[in-house]
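A.B. asks: Sharing a structure with you now.
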Amino acid sequence: MRKFIFTIGFSILIGPILCQKVTPKKYIESEKLTRILFVLDASNSMYGRWENGTKMEIAQRLMNSMIDSLSEIQDPNFQLALRVYGHQKPVPPQDCNDTKLEVPFNYKNLNRIKQKIRELRPMGTTPIARSILSAAGDFPSCENCRNILILITDGVEACDEDPCKASKILQKKGIFLKPFVIGVGLEPELVNSFDCVGSYYDAKNENTFKKVLDVIVTQVLNNTSAQINLIGNDGNASETNLPIILKNIKSDQIQNMFIHTLNYKNLPDTLNLDPLIQYEGQVFSIPPVKIDSSYIFSGKHNQLGTEIVSGELKLSMPGSKSLQYKPLAVVRQAGKSEILNVQYFNSTTRYLSGYYEIDILTLPRYQEKVLIEPGKTHDFIIPTPGDVTIQLKTNGYGAIFESDGSKLEWVINIDDQLTRQKFSLQPGQYILIFRSGSAQQTSYSKTKKFNVSSGNSTLVRLP
């Protein structure tokens, strides 16, 4: 897994940057404040020789060079902070609490960070997990920030704790995005232990260390471009105008909310997405469609997408413009109980192709199963209701039934407190069954047949 991350990430992200110095003008494009916490290993092993000096000397020189480049950026939209471990108490004995935020986040702290890095003298142990967990308190509360942790180390956890678990906990809480880990001259057999902590980069020598450091910082401070292709009935990215929500799959936090748009070239509009986030999304078609988990690669134009194969359901009731309240239809996917949509009559709504069950809230109710075919409109028409007035001499108990000659279907109960009531009923034959509230015998029950026709009024009297 490490080789995949290194090969793909390194080749795509570095590209032409390998031959260049870090160019400040390319760093800042995001509106969010980016906060980068460097967690630097200053344990005793950083005194080890590595090419033209000790590991610590090389880390000090390269980090300060990188900070000099960042200091050239005008109106920066980023902040840095520095946490160090293994630098306060010698080993032996081992002190697993030897981790400290040396320079907190600020806009004008780059010189302080450089000075602190120059002062470091390796001496202690390697409490990586505890340093990661402590980093949760290093990021002050902020609603519009990207929090990044970059761990630079030459060794593995020395305090019997779990850096992978610590990283996973803080990513899940949304404290920071997936960390970066730079291994400084790390032994090959130790490399795999960092795959689960974050994106691992193996700095085998000083030159690679410099390139990796520059590339990571460039990637952190740059958003990258992407588009979302909604593949329609024609097989092209032609669907649009649908709400989309993108989430961080690690923290489940919403990252982007927008209406999908085709640009003036009739192509999906370009978005700026964070290459440090693994996204998953949802397109709010009816029903919603998932955009599968996707990594965003820096330095290239990314394409996400899903299929939106759809047709339309048109509900019509001729002559209903004069109605005060238009009937509604409750729409469900066939075989499912959850309500998918509530659609007014005399409207057209787009649905994904497939079978749907619709309950039409007229009196009596209709239940139908319809097939929405790609690129087609299913036109469902019901007749205009008629107005029925029930006139009673006294209030009482009763109900209206629809009659088809061979059986009765209950439609609605009447109000037992009223003597005059109005209903809008679909055309057909009906029977009113009624008994006065004061009557004490079943034999006082009465029935009344009546017909209803579209757009007409019917008066039903019971003596």
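The values are calculated or read from the model by the stated rules, or taken from the named source; none is laboratory data. The structure presented is a predicted model; accordingly, all values stated were derived computationally and were not measured. Glycine gets a Cβ as well: all are built from the backbone with ideal geometry, and neighbour counts include every protein chain shown.
A.B. asks: If we scan segment 325-341, do we find a residue that is more than 30 Å from Asn456 (Cα to Cα), touching a Ser or Thr at 6+ places or on another chain (Cβ under 6 Å), buried (at least 16 other Cβ atoms within 10 Å of the Cβ) and modelled with pLDDT under 95?
C.D. replies: no
A.B. asks: Can you confirm whether Glu409 is closer than 30 Å to Val309 by Cβ, under 54 Å from the mean Cα position of the chain (by Cα) and either of a type outside the set (Val, Ile, Thr) or outside any loop (DSSP other than H, G, I, E, B) (or both)?
C.D. replies: On the way: closer than 30 Å to Val309 by Cβ: no; under 54 Å from the mean Cα position of the chain (by Cα): yes; either of a type outside the set (Val, Ile, Thr) or outside any loop (DSSP other than H, G, I, E, B) (or both): yes.
Answer is no for this residue.
A.B. asks: Could you tell me which residue of segment 421-463 is farthest from Gly398 (Cα to Cα), considering only residues that are hydroxyl-bearing (Ser, Thr, Tyr) and in a strand (DSSP E or B)? Steps first, answer last, please.
C.D. replies: Initial filter on segment 421-463 (hydroxyl-bearing (Ser, Thr, Tyr)): 424, 430, 436, 438, 442-445, 447, 453-454, 457-458.
Subset that is in a strand (DSSP E or B): 424, 430, 436, 447, 457-458.
On the way: Ser424: 17, Tyr430: 13, Ser436: 9, Thr447: 9, Ser457: 21, Thr458: 18 Å.
Checked segment 421-463; the qualifying residue farthest from Gly398 (Cα to Cα) is Ser457.
A.B. asks: For segment 374-406, enumerate the residues that are exposed (fewer than 15 other Cβ atoms within 10 Å of the Cβ) and outside any strand (DSSP E or B).
C.D. replies: Pro374, Gly375, Lys376, Lys393, Thr394, Asp404, Gly405, Ser406
A.B. asks: Which of the residues belonging to segment 220-260 are more than 30 Å from Gln79 (Cβ to Cβ), loosely packed, with under 15 Cβ neighbours inside 10 Å and of a type in the set (Val, Ile, Thr)?
C.D. replies: Answer for segment 220-260, where residues must be more than 30 Å from Gln79 (Cβ to Cβ), loosely packed, with under 15 Cβ neighbours inside 10 Å and of a type in the set (Val, Ile, Thr): just Ile259.
A.B. asks: In segment 219-238, what residues are free of Cβ contacts under 8 Å to residues at least 60 places away in the same chain and either under 25 Å from the mean Cα position of the chain (by Cα) or under 30 Å from Ile169 (Cα atoms) (or both)?
C.D. replies: Hits for segment 219-238 are Asn236, Ser238.
A.B. asks: In addition: Every residue in segment 39-66 that is surrounded by fewer than 24 Cβ atoms within 10 Å (Cβ to Cβ) and part of a strand (DSSP E or B), please.
C.D. replies: Arg49, Trp50, Gly53, Thr54
A.B. asks: Does any residue of segment 402-411 turn out to be at pLDDT 95 or above and touching a Lys or Arg at 6+ places or on another chain (Cβ under 7 Å)?
C.D. replies: No, segment 402-411 has no match at all.
A.B. asks: Still on this structure, please answer the following. Just to check your reading of the model, which residue among Ile113, Ile132, Ile150, Ile175 is in the same structural domain as Lys204 (by TED's automatic domain parsing), of a type outside the set (Lys, Arg) and assigned to a loop (DSSP other than H, G, I, E, B)?
C.D. replies: Ile175
A.B. asks: Does Leu82 fit the bill of being within 23 Å of Val197 (Cβ to Cβ), touching a helix residue (DSSP H, G or I) at 6+ places or on another chain (Cβ under 6 Å), surrounded by 15 or more Cβ atoms within 10 Å (Cβ to Cβ) and modelled with pLDDT of 90 or more?
C.D. replies: Working: within 23 Å of Val197 (Cβ to Cβ): yes; touching a helix residue (DSSP H, G or I) at 6+ places or on another chain (Cβ under 6 Å): yes; surrounded by 15 or more Cβ atoms within 10 Å (Cβ to Cβ): yes; modelled with pLDDT of 90 or more: yes.
It is true that Leu82 is within 23 Å of Val197 (Cβ to Cβ), touching a helix residue (DSSP H, G or I) at 6+ places or on another chain (Cβ under 6 Å), surrounded by 15 or more Cβ atoms within 10 Å (Cβ to Cβ) and modelled with pLDDT of 90 or more.
A.B. asks: Another question, if that's okay. Determine, yes or no, whether Ile216 is in contact (Cβ under 8 Å) with a residue 40 or more places away in the chain and either surrounded by fewer than 17 Cβ atoms within 10 Å (Cβ to Cβ) or not in a strand (DSSP E or B) (or both). Write out each step before concluding.
C.D. replies: Numbers: in contact (Cβ under 8 Å) with a residue 40 or more places away in the chain: yes; either surrounded by fewer than 17 Cβ atoms within 10 Å (Cβ to Cβ) or not in a strand (DSSP E or B) (or both): yes.
In short, yes.
A.B. asks: Separate question: Among (1) in contact with a Ser or Thr (Cβ under 9 Å, 6 or more places away or on another chain); (2) touching a residue at least 24 places away in the same chain (Cβ under 8 Å); (3) among the charged types (D, E, K, R), which single condition is Lys290 missing?
C.D. replies: All conditions pass for Lys290, except number (2).
A.B. asks: Within segment 243-268, can you find the residues that are closer than 23 Å to Tyr295 by Cβ and assigned to a loop (DSSP other than H, G, I, E, B)?
C.D. replies: Once the filter is applied, which keeps residues that are closer than 23 Å to Tyr295 by Cβ and assigned to a loop (DSSP other than H, G, I, E, B), segment 243-268 yields Ile249, Lys250, Ser251, Asp252, Gln253, His260, Leu267.
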